[in-house]
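Okay, so here's the structure we're looking at.
The values are calculated or read from the model by the stated rules, or taken from the named source; none is laboratory data. In this text the structure is predicted, and so the values were computed from the model without any measurement. Every residue, glycine as well, gets a Cβ built from its backbone with ideal geometry; the counts of neighbours run over all protein chains shown. With ligands, DNA and RNA removed, areas are computed over all heavy atoms of the protein, side chains included. Shrake-Rupley method; radii C 1.70, N 1.55, O 1.52, S 1.80 Å.
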Amino acid sequence: MPENNKTIEYDALIIGGGIAGGEAALNLANVGYKVLIVEKDLSIGGKMILLSKVFPTLDCSACITTPKVSEIMRHPNITVFTSTQASNIIKKDDGTFEATITKQPRYVIAEDCTGCQLCEQACPVSVDDQFQYNLVGRKAAYIPFSIASPRIAAIDIANCTLCGACERACPTKCIDFTQTVETYSLKAKTVIIATGFQLFDPTLIPRYGYGKFKNVITAMQMERQLAPTRPFNTILRPSDGKMPDNIAYILCTGSRDKTVGNPICSQVCCMYSTKQAQLLMGALPMADITLYYLNIRAFGKGFNEFYAQAQAMGVQFTKGKVAKITEKENGNLLLRYEDINGGGVVKETEHDMVVLSVGILPNQGIAELFSNDELVLDPYNYIGQSDFLASPAQTSIKGVFVAGVASGPMDIPDSILSAGSASSDAANYIRHLNKKTVSV
Amino acid sequence: MKHKIGVYICHCGGNISDYVDVKRVAEEMAKIEGVEISVDTIFACADSSQKQIANDIKEKGIDGIVVASCSPKLHYPTFSSVAEHAGLNKYNYVHANIREQCSWAHSDNKPKATEKAIQIVKAAIARVKESEALETIEVDSQKIIAVIGAGVAGMRAADELADLGIKVYLIEREFFVGGRIAQLDYLCSTTETGKELVTRLYEKIMDNPNITLFTGAEVIEKKGSIGNFNLKVKITPRYIKNKCKKDELLKAIEVCPVEVLDEFNFGITKRKAIYKNFPSEYPQIPTIDSKNCTRCGECEKVCSSIDFSQKEEVLDLSVGSILVATGFDPYTPKENEFGWGIDNVVTLPQFRRIINMCDDKLVYNGKKIKHIAYIYCVGSRQVDGENKYCSRYCCTATLYTSILTKNKYKDVQSYHFTRGIRTYGKQEIVYDKSSRQGDIFLQSYEDEPPMIEQKKGKTIVKINDILTNKMELEVEADLVVLVTGIEPRKDTNISEVLKIPKGRDKFYNEIHMKLRPVETVIDGVTIAGACQGPKNIMESMNSALSAAAKSYSIVNKGKLNLPPIIAVVNKETCTWCNKCLDACPYDAISKISENGKDIAFVNESVCKGCGMCLPVCESDSLELLGYTNHEIENMIKALVD
Ligand SMILES: Cc1cc2nc3c(=O)[nH]c(=O)nc-3n(C[C@H](O)[C@H](O)[C@H](O)COP(=O)(O)OP(=O)(O)OC[C@H]3O[C@@H](n4cnc5c(N)ncnc54)[C@H](O)[C@@H]3O)c2cc1C
Ligand SMILES: Cc1cc2nc3c(=O)[nH]c(=O)nc-3n(C[C@H](O)[C@H](O)[C@H](O)COP(=O)(O)OP(=O)(O)OC[C@H]3O[C@@H](n4cnc5c(N)ncnc54)[C@H](O)[C@@H]3O)c2cc1C
Ligand code: SF4
Ligand code: SF4
């Protein structure tokens, strides 16, 4: 185990190991810079590694993410710290940065774990599985998910009863309850923020009944039901495990809505809902799928064609805002909405499952990571872009760049491009720093 | 011949083992002569499994490995690098695909799937036995990049690369830089104008000694490949000396008798044959448009900077990578399409030039404009036409234009005939703002587009409106603005020279839409900005910088490692029948003379190992390294035994 408060030095610190952070890391590492990725979760890969298939090409997300992720993990110039956060980031007079890196214990000796899952089988504690968006349970000793990277066990100490069953089951004796928090002092020449997004919490719109009506789920939960590493091997509605045959999507849930404090469009939910509708038509050939929308934002390369394809497959697109959902005794749901295409009349339609196409929101607390310089946010709390036309990755602090959804809603191709832009600018900053030609 | 082979059969967490009896496959393989270890593993790609393979190589002296798992597209690089790090030549590793090609394809027949998996792995073992250790081919790479197109994307990429210490040739076909942005004044969501942005980029480019800007320049030929491209660039003269006298030039423009439609203002004004698009345009020297110049000599009489003796030149440039940023064309409506042809029907780009030219009063064709009707999606989202795509920039650009118009002229009223507004992301705020300033929104049914007609000298837009309960509405418009979309550049010369493939939408195609959006299948050629698909400025810049990063990683070391899977010629048996010459799609083959005999020669830095030359060779004198006849025959033998 590395000693505590050791000083470590890298060319670049990347905060967040989603697809944007990972791509930026690879770009820098490939031209010879040493990169540290700090990821607060147990695995890198962000949201993308958990998706089913991706619009508009419908390739399997796990299949295209895992090679990237393993490239990141094995790259000689990249170090990945999971369960780790950076804080107290200070910009020095010479243009370099210092930060405190805090790594939470996994209670498993990473080098020795073979991922055999025997600890998981032995552990008696069951809790909700956050990586399956609480659709199923997991143990307190667990492997985050089957394609996690690193794919090694972790002990969820908050729920662990210290019964010792995992210790006894582990064939390589790698469970170690004596592990403690490790801290490092980091020196780096540049920082890239790639902290991604969180999902809108739909309980903030009580009239949709999320959390109260069992058959109202979020799109991320549907994403998991459709993924190759899915929990049930088919699509089930939560109340009674029945295969649904009339599914409704409510678009713009928590987006374009000043009443919940999020006036902007989330940019991906129209398309991910259209994608899920197409996948559902394959998984449940008999099912009817209806999308209740305001405008369909099929703007990107291949998107409008993808939208047309869904219409041709028989997905029903209904223009109208859903005002309210009520639950029937059998678990079915009644949607009350204004049917704009149908002449603006208020209608009520029954569905046996409702998926909320929840919007995306920035992660909080990123500005607070910086101690002596102000990281300016935009009006919607995304990381502000100080020169968004010519250098979209530049933030208010010179030498600090932003990649991916951390700067605003975007899909995977745009996240990749934004990561390319951040890494290019970061490489330039490091180069000028090394040549001492930078204005800091 | 390898005789200590390690075989690893992957369960893929059930993806394979649910249908294939992987334990049995491993047991069967253990029986084959030369196989030292044969084991199954839950996830071969997991860190712990990789560690085990590496340990086996190091400790048990394994001299060849076979991994049977998913498609090599996914994890070939993973296991190659495991082999390499453990000290085994990566070409002594052979991959067997028993997921896509077996378990997933035969999920309905488990026993047969297992049999097939056994065969696939057996053949892989037969191949690894005969495999040779190969070394990558190192070639020198030019530390120079050609950037084609000096719009905002090309200029920004050039600036970034030059800043990274790379020499850049910036090749612009027009005589002025800035592309479409130079034609725009105010830009959405910023106080910076298009001109200011172009000026900012231009000044940085001129400041950087690493960049050479060519205007009036066009690439007419490309030879060579990644690391060493040879380009021929045709330079059309400006007919004006570099150090020129400004006031004399202004005179010259004045006296030129030729007037043509000004493309820069989309044909709404005229210009001379000697011209500049706008006063502060870069480079700040006018040009003579040789197509329309009559050589009357009037300008020469008043200006000493005119130089008709300048000749067209063709330059030879050697570069390591090519970054293409040739942008887009605005869509031109067809005759009668949404009233196109009526004198108060204009396109959005034209309207932007009109706003630019009207100071305090909005006037067009001598008429004051008050009611403006915007017709959306013209040339985009076509149901019958070819352009199925959404042009992405135009909803926002139109709403922004409407705000701009209201701010500038106050007494205008805008009517938006939309097909559902697509102000994605933060651009939603622009939509909100235009609604709040009193703009009126109407939406047509997909099969009933709005109609534009002239009635008694008035221009009327008719719509069956979704948003007001199917009401048939009519708006009398002083000006109809067709919101024309983005199209791929009509001139396809450059794509033919570079052989960049295009997608269904005719924009340049990337290798992988999700993960590799700026690389093309032509190694060493990257694409940026709106030539890859509709984009706004920020998105164009992101793609420009990404393409710059990729192109940079190709040339920055000055050396490139190319895979050694290439064709080799048997000099003894080759009779130069020259069949291979035509078969090779990459021009890698040429004729050489050795010991008085003509034979084929394969340029190893150009050969891609596609194997096209092999079957046509009359004397069977070509072999593909990594797939030698010997290896393939041994695989077939294993399968029929
Ligand atoms: C339901 C759904 C379906 C989607 N489907 C598609 C699709 O089909 N196609 C498509 O193109 N896009 C799709 N998207 C969008 C896609 O998920 C995003 O574009 C992409 O994941 C953005 O990647 P990112 O790296 O910017 O962010 P993220 O994936 O959010 O990654 C950010 C990472 O940073 C970490 N992090 C956050 N804060 C900190 C911190 N303080 N310290 C350390 N680490 C931190 C997080 O744990 C996470 O690992 C979908 C989105 C949703 C919600
Ligand atoms: C009316 C209108 C309004 C807009 N408003 C906005 C806005 O407010 N905000 C915003 O962000 N975006 C806006 N846009 C989008 C913006 O114009 C594009 O994002 C941007 O121009 C793309 O830049 P580019 O460099 O890729 O392409 P271009 O601007 O098209 O530049 C390409 C360059 O390549 C050159 N070229 C072409 N072929 C060759 C060749 N064979 N050899 C050499 N050179 C060649 C061209 O001459 C040109 O200089 C608007 C677009 C339009 C049409
Ligand atoms: S992408 Fe579609 S669903 Fe999402 S907020 Fe925008 S308009 Fe609504
Ligand atoms: S951006 Fe708007 S106007 Fe342009 S094609 Fe798309 S939907 Fe139509």
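The figures follow:
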| item | result |
| --- | --- |
| Number of the condition not met by A:Asn330 [criteria: (1) assigned by TED's automatic domain parsing to the domain that holds A:Phe303; (2) in contact with a strand residue (DSSP E or B) (Cβ under 8 Å, 6 or more places away or on another chain)] | (2) |
| Residues of segment A:207-225 satisfying the condition of being in contact with a helix residue (DSSP H, G or I) (Cβ under 6 Å, 6 or more places away or on another chain) and surrounded by fewer than 19 Cβ atoms within 10 Å (Cβ to Cβ) | A:Gly211 |
| Residue list for segment B:53-75, restricted to those being surrounded by fewer than 18 Cβ atoms within 10 Å (Cβ to Cβ) and facing chain A (nearest Cβ under 10 Å) | B:Ser71, B:Lys73 |
| Check on A:Thr79, open to solvent by 20 Å² or more (accessible area, probe 1.4 Å), within 19 Å of A:Ile416 (Cα to Cα), hydroxyl-bearing (Ser, Thr, Tyr) and more than 8 Å from ligand 1 (Cβ to nearest atom) | no |
| Only listed residue being away from ligand 4 (no atom under 16 Å from the Cβ), modelled with pLDDT of 95 or more and open to solvent by 20 Å² or more (accessible area, probe 1.4 Å), chosen from A:Ala323, A:Ala308 | A:Ala323 |
| Selected residue (only one of A:Tyr249, A:Tyr272, A:Tyr292, A:Tyr337 is outside any strand (DSSP E or B), open to solvent by less than 40 Å² (accessible area, probe 1.4 Å) and either at pLDDT 95 or above or within 30 Å of B:Phe507 (Cα to Cα) (or both)) | A:Tyr272 |
| Some residue of segment A:355-374 being touching a Cys at 6+ places or on another chain (Cβ under 9 Å), part of a loop (DSSP other than H, G, I, E, B) and buried (at least 23 other Cβ atoms within 10 Å of the Cβ) | yes |
| Residue within segment B:393-403 that is of a type outside the set (S, T, N, Q), open to solvent by 40 Å² or more (accessible area, probe 1.4 Å), under 36 Å from the mean Cα position of the chain (by Cα) and modelled with pLDDT of 95 or more present | yes |
| Unmet requirement for A:Gln309, which otherwise passes all of (1) more than 16 Å from ligand 3 (Cβ to nearest atom); (2) under 25 Å from the mean Cα position of the chain (by Cα); (3) within 11 Å of chain B (Cβ to nearest Cβ) | (2) |
| Subset of segment A:205-246 [part of a loop (DSSP other than H, G, I, E, B) and among the hydroxyl-bearing types (Ser, Thr, Tyr)] | A:Thr229, A:Thr234, A:Ser239 |
| Residue within segment B:404-419 that is of a type outside the set (A, V, I, L, M), in contact with a strand residue (DSSP E or B) (Cβ under 6 Å, 6 or more places away or on another chain), part of a loop (DSSP other than H, G, I, E, B) and modelled with pLDDT of 95 or more present | yes |
| Options B:Met29, B:Met1; residue that is open to solvent by less than 30 Å² (accessible area, probe 1.4 Å) and in contact with a helix residue (DSSP H, G or I) (Cβ under 9 Å, 6 or more places away or on another chain) | B:Met29 |
| A:Pro244 open to solvent by less than 20 Å² (accessible area, probe 1.4 Å), more than 16 Å from ligand 1 (Cβ to nearest atom) and either on the phi < 0 side of the Ramachandran plot or not hydroxyl-bearing (Ser, Thr, Tyr) (or both) | yes |
| Total residues in segment B:102-131, condition open to solvent by 40 Å² or more (accessible area, probe 1.4 Å), closer than 17 Å to B:Ile632 by Cβ and among the polar types (S, T, N, Q) | 1 |
| Checking A:Ser185 against (1) touching a residue at least 60 places away in the same chain (Cβ under 8 Å); (2) assigned by TED's automatic domain parsing to the domain that holds A:Tyr293; (3) surrounded by fewer than 16 Cβ atoms within 10 Å (Cβ to Cβ), the condition it does not meet | (2) |
| Top-ranked residue in segment B:538-576 [being open to solvent by less than 30 Å² (accessible area, probe 1.4 Å) and closer than 20 Å to B:Ile589 by Cα; ranked as nearest to the chain's Cα centre (by Cα)] | B:Leu562 |
| Residue match in segment A:241-249 (condition: within 12 Å of ligand 3 (Cβ to nearest atom) and within 30 Å of A:Phe131 (Cβ to Cβ)) | yes |
| Selection from segment A:255-269 of residues that are in a loop (DSSP other than H, G, I, E, B) and crowded, with 24+ Cβ neighbours inside 10 Å | A:Ser255, A:Ile264, A:Cys265, A:Ser266, A:Gln267, A:Val268 |
| Residue under evaluation A:Lys398, criteria (1) at the interface with chain B (Cβ under 10 Å from one of its Cβ atoms); (2) among the basic types (Lys, Arg); (3) part of a loop (DSSP other than H, G, I, E, B), criterion not met | (1) |
| Residue check, A:Ile383 more than 14 Å from chain B (Cβ to nearest Cβ) and open to solvent by less than 40 Å² (accessible area, probe 1.4 Å) | no |
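Table: residues versus (1) closer than 23 Å to B:Lys222 by Cα; (2) within 14 Å of chain A (Cβ to nearest Cβ); (3) in a strand (DSSP E or B).
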residue	(1), (2), (3)
B:Leu482	no, no, yes
B:Glu496	yes, no, no
B:Glu510	yes, yes, no
B:Asp523	yes, no, no
B:Thr526	yes, yes, yes
B:Ala530	yes, yes, no
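This table checks each residue for (1) surrounded by fewer than 18 Cβ atoms within 10 Å (Cβ to Cβ); (2) in the same structural domain as B:Ile220 (by TED's automatic domain parsing); (3) under 34 Å from the mean Cα position of the chain (by Cα).
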position	(1), (2), (3)
B:Thr269	yes, no, yes
B:Pro283	yes, no, yes
B:Thr287	no, no, yes
B:Lys301	yes, no, no
B:Asp316	yes, yes, yes
B:Leu362	no, no, no
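The rows are residues; the columns are (1) within 14 Å of chain A (Cβ to nearest Cβ); (2) among the aliphatic types (A, V, I, L, M); (3) without any contact (Cβ under 8 Å) to a residue 24 or more places away in the chain; (4) farther than 26 Å from B:Ala528 by Cβ.
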position: B:Lys559; (1), (2), (3), (4): yes, no, no, no
position: B:Val569; (1), (2), (3), (4): no, yes, no, yes
position: B:Lys579; (1), (2), (3), (4): no, no, no, yes
position: B:Ala583; (1), (2), (3), (4): no, yes, no, yes
position: B:Gly596; (1), (2), (3), (4): no, no, yes, yes
position: B:Val602; (1), (2), (3), (4): no, yes, no, yes
position: B:Val606; (1), (2), (3), (4): no, yes, no, no
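Residue-wise test of (1) under 20 Å from A:Tyr293 (Cβ atoms); (2) within 12 Å of chain A (Cβ to nearest Cβ); (3) more than 16 Å from ligand 2 (Cβ to nearest atom); (4) not aliphatic (A, V, I, L, M).
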position	(1), (2), (3), (4)
B:Val383	yes, yes, yes, no
B:Lys388	yes, yes, yes, yes
B:Thr396	yes, yes, no, yes
B:Leu399	yes, no, no, no
B:Thr405	no, no, no, yes
B:Tyr409	no, no, yes, yes
B:Gly420	yes, yes, yes, yes
